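Engineer: Just passing along the structure, written as structure tokens.
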Amino acid sequence: MQITVQFEAQLRHVAGVGHAVVSVPDECSVTDALQAIAAQFGTTLAERLFTADGTTQRSVLLFVNDQAISHAMAAGHVLKSGDVLLLYPPISGG
């Protein structure tokens, strides 16, 4: 199935695109989708999405169809074809 991934802020720069349509397996969780996205877009993006031990970076905010998804829910939240996954990194500065 296909989902749309929207990259915001620094993740847009790292991915090289603002959004992309990504093929993921049916019954794919948010966590599974993040792994597929990391594999498709390379090591630098993977390092922004995952910690060294392979868990998702808690600082990256996850939204599916404009609904916030907690990291605790990411592994159990199953995506549907056509869903939009928004990845929003932490913003710093001031």
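Nothing in this text is a laboratory measurement; each read-out follows from the coordinates by a stated rule. All values reported here derive from a predicted model rather than from experimental measurement. In this analysis, Cβ positions are derived from the backbone assuming ideal geometry, glycine residues included, and neighbour counts consider all displayed protein chains.
Engineer: Can you put V14, V78 in order, fewest other beta carbons within 10 Å first?
Structural biologist: Details: V14 18, V78 14.
In order of increasing Cβ crowding within 10 Å: V78, V14.
Engineer: Of [x] 56, 32, 28; [y] 39, 26, 26; [z] 50, 24, 24, which is the value of Cα extents along the principal axes in Å derived from the coordinates here?
Structural biologist: Answer by label: [y].
Engineer: Which shape class applies to the range 1-42: rounded if a/c is under 1.5, otherwise prolate when a/b exceeds b/c and oblate if not, where a ≥ b ≥ c are the square roots of the Cα gyration tensor eigenvalues?
Structural biologist: Judged from the Cα gyration tensor, the range 1-42 comes out prolate (a/c at least 1.5, a/b above b/c).
Engineer: Additional query: For the chain, with a Gaussian network of springs between Cα atoms less than 10 Å apart, report the residue from A38, A15, A72 with the top mean-square fluctuation.
Structural biologist: Top of the fluctuation ranking is A72.
Engineer: How large is the charge dipole for the range 2-88, taken about the Cα centre, if only the Cβ atoms of Lys, Arg (+1) and Asp, Glu (-1) carry charge, to the nearest 20 debye?
Structural biologist: 200 debye
Engineer: Using alpha carbons only, how many degrees (0 to 90, rounded to 10) separate the axis of helix 30-41 from the longest principal axis of the chain?
Structural biologist: Helix 30-41 sits at roughly 60 degrees to that axis.
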